[in-house]
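Since every read-out is calculated from the coordinates, none of them should be taken as a lab result. Here the structure is a predicted model, which means the values were calculated and not measured. Quick reminder, even Gly has a Cβ in these numbers, built from the backbone with ideal geometry, and neighbours come from all protein chains shown.
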Amino acid sequence: MEQFRTYRLEELVWVAQEASVEFSELTRRNLLATLSSLPAPWGKLGLNKVVGEVIHLDESLRNAILSESELQDVQGVSEQCGVLGVSDRRFRALVERMVHPSVRGEEDQREYVDALSAELRKSGWDLQATGLDAGRTLYSVVRANGGVGGQPKQIIFASQVKPDLRFSDAINGDIEIVRFADKVLVYDHPIPPTGLLWRHLQEWWAATHGLVPEARATRVSLYQRLRASLPKNSPPQRLLFEEFFSAYQRSFGELPALLPEVWLYYDPLTISQRGRDALLRQRMDFLMLFSQSVRVVIEVDGVGHYCDPQGKASPSKYAEMVAADRDLRLSGYEVYRFGGKELEGDLGREIARGFFRLLFRRHGVDAEKSR
């Protein structure tokens with residue numbers, strides 16, 4: 001794919017990566033019928049610039065002169081373009097293209113988003129705002145009732161100690177690290193619709209440390225800083241982290257960054273001081289952002305997750321763990337938990353690689369080109 005990227009090859013790979021068909025022929029026909037019922041379906045740019053940006057059109061279609069009534073027959077035109085047979089990933093891209101700010105004015109965009117969202121929800125999908133371009137809203141096709149609401153403002157991660165935080169401006173939600181600022185990293189750039197990719201993280205790291213973004217030394221120094229934050233008493237956590245980079249070392253810049261030791265909650269008081277209302281599991285082992293709303297938490301459990309300090313099985317510790325997982329899932333996070341024993345030796349490395357392969361497939365990420 002890297003060396004010989006063609007439309008047909010891309011489609012074959014994307015279809016092969018799909019675990020199941022998410023957009024049936026009926027769903028596609030219903031969406032196309034919805035588009036036919038709306039005015040000016042090809043927007044400001046016309047058929048070639050809208051569909052042709054996503055789907056390969058043969059010469060006869062590119063040069064065809066269609067009447068107004070033919071152009072309004074979105075389903076008929078789309079069938080000629082092969083829309084009903086493309087991969088789910090390409091079909092989603094076409095829907096997103098139809099409501100892009102370059103295609104529609106603000107009022108038309110809202111009308112199209114509302115109409116298409118109503119039809120998409122019947123199949124468990126939705127159009128949600130995921131970014132801005134020149135002040136206009138960008139929309140992505142996402143699973144309905146999935147993901148986390150709101151937009152990330154900053155991510156505190158790679159922490160080696162619990163930082164001492166305070167609001168420097170409570171009205172704006174600005175946070176200041178009073179002590180141990182050198183022991184944590186704070187990513188405060190906007191999260192793009194594609195999620196937080198390693199490339200974005202490396203560019204931020206270079207900007208904050210005066211380095212060359214594309215240089216190998218920049219990538220290595222960032223990797224070493226992240227790795228240094230992993231607990232020394234958790235070899236399974238280190239194995240998972242290292243195996244991710246080993247498996248996709250050729251070009252992992254376009255994959256979601258694997259962020260270690262991320263603060264989700266923060267309470268300046270200790271659990272004993274806070275009492276029954278204490279926030280549990282304030283820090284996550286790993287976090288990956290596939291978009292602003294699709295956030296994946298990965299936990300690696302040692303004996304401390306289910307045993308007391310004496311090594312005796314503790315039902316209360318286990319109850320705390322599953323309660324924290326339940327709260328995360330209800331907030332829209334995906335949570336995946338490993339037993340530390342799984343991530344040992346060659347078998348552990350195989351398990352880690354298999355997990356990331358299936359995780360990327362689930363979220364439609366083309367990870368194979370990075371292998």
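Residues whose amide H falls under 5 Å from that of Glu299, counting only those 5 or more places apart or on a different chain, are Tyr336, Arg337, Phe338, with hydrogens built in the peptide plane. For segment 155-370, dividing the convex hull volume of the Cα atoms by the residue count gives 145 Å³ per residue.
Beta bridges per DSSP, both residues in the chain: antiparallel share near 80 percent. Panel note: the C-alpha atoms of segment 152-252, placed on their principal axes, show extents of 44, 33, 26 Å (largest first).
Across segment 211-262, the convex hull enclosing all Cα atoms gives 86 Å³ per residue.
When each of Thr194, Thr130 is scored by the number of other beta-carbon atoms lying within 10 Å, the sequence from fewest to most is Thr194, Thr130. Compactness ratio for segment 166-220: Cα radius of gyration over 2.2 N^0.38 Å (N = residue count) comes to 1.36.
Helix 25-36 and the longest principal axis of the C-alpha atoms of the chain enclose an angle of approximately 60°. Under the rule a/c < 1.5 gives rounded, and otherwise a/b versus b/c splits prolate from oblate, where does segment 7-143 land using the Cα gyration tensor? It is rounded, given that a/c, with a ≥ b ≥ c, falls under 1.5.
Considering only alpha-carbon pairs that sit under 8 angstrom and 6 or more positions apart, the relative contact order computed for the chain is 15 percent. Near the amide H of Ala144, within less than 5 Å, lie the amide hydrogens of Trp125, Asp126, all on another chain or at least 5 residues away, with H placed in the peptide plane. To the nearest ten degrees, helix 235-247 and the longest principal axis of the Cα atoms of the chain are 30 degrees apart. Kindly express, to the nearest 10 degrees and within the range 0 to 90, the angle between helix 216-228's C-alpha long axis and the longest C-alpha principal axis of the chain. It works out to around 50 degrees. Of the candidates Thr34, Thr137, Thr208, which one comes out as most mobile in a Gaussian network treatment of the chain with C-alpha springs shorter than 10 Å? Of Thr34, Thr137, Thr208, the most mobile in the Gaussian network model is Thr208.
Kirkwood hydrodynamic radius for the chain: how many Å is it when counted over pairs of different Cα atoms?
On the way: mean 1/r = 0.0431 Å⁻¹.
Hydrodynamic radius (Kirkwood, Cα only) of the chain equals 23.2 Å.
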